[in-house]
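What follows is a set of notes on a single structure, which appears directly below.
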Amino acid sequence: MTGEGAQPGRMRVLLEHVAQALVDDPAAVVVTEELDGDFTKLHLQVAEPDVGKVIGRGGRIAKAIRALLKVMATRDGTKVNLEID
């Protein structure tokens, strides 16, 4: 894979969309993206009462979101890390 379809911000947009669908206060969802070569670091911030909804019981939802992002990163030939604040 050479990253032919790689577009800056695609993972950020997906993460915003998924997070906004999960929380009660979608306006409070903030996603920041740091690029470091072929490594992308995403920071997700949500309202305090919604943190549990994004993480899920036992971290299952957070793990599923990370899996989606990893698939996108692999297809683009990059690596990704998600931090939930």
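The values are calculated or read from the model by the stated rules, or taken from the named source; none is laboratory data. The structure presented is a predicted model; accordingly, all values stated were derived computationally and were not measured. Note that we place each Cβ from the backbone using ideal geometry, even for glycine, and neighbour counts take in every protein chain shown.
Could you tell me whether D38 is in contact (Cβ under 8 Å) with a residue 24 or more places away in the chain and in contact with a Ser or Thr (Cβ under 6 Å, 6 or more places away or on another chain)?
Values: in contact (Cβ under 8 Å) with a residue 24 or more places away in the chain: yes; in contact with a Ser or Thr (Cβ under 6 Å, 6 or more places away or on another chain): yes.
Considered against the rule, which asks whether it is in contact (Cβ under 8 Å) with a residue 24 or more places away in the chain and in contact with a Ser or Thr (Cβ under 6 Å, 6 or more places away or on another chain), D38 comes out as yes.
Is there a residue being more than 15 Å from K79 (Cβ to Cβ) and in contact with a Lys or Arg (Cβ under 9 Å, 6 or more places away or on another chain) anywhere in the range 7-14?
no
Would a scan of the range 56-77 turn up a residue that is on the phi > 0 side of the Ramachandran plot and touching a residue at least 40 places away in the same chain (Cβ under 8 Å)? Spell out the reasoning first.
So in the range 56-77, the residues on the phi > 0 side of the Ramachandran plot come out as 56, 58-59, 77.
Next cut, touching a residue at least 40 places away in the same chain (Cβ under 8 Å) only: 77.
Yes: one or more hits.
Quick one: in the range 34-78, which of the residues that are part of a strand (DSSP E or B), surrounded by 15 or more Cβ atoms within 10 Å (Cβ to Cβ) and over 9 Å from the mean Cα position of the chain (by Cα) is modelled with the highest pLDDT?
Filtering the range 34-78 for residues part of a strand (DSSP E or B) gives 34-36, 39-45.
Imposing the further condition that a residue be surrounded by 15 or more Cβ atoms within 10 Å (Cβ to Cβ) reduces the set to 40, 42-45.
After this cut, where a residue has to be over 9 Å from the mean Cα position of the chain (by Cα) as well, the list is 40, 45.
Values: T40: 93, Q45: 97.
The qualifying residue modelled with the highest pLDDT is Q45.
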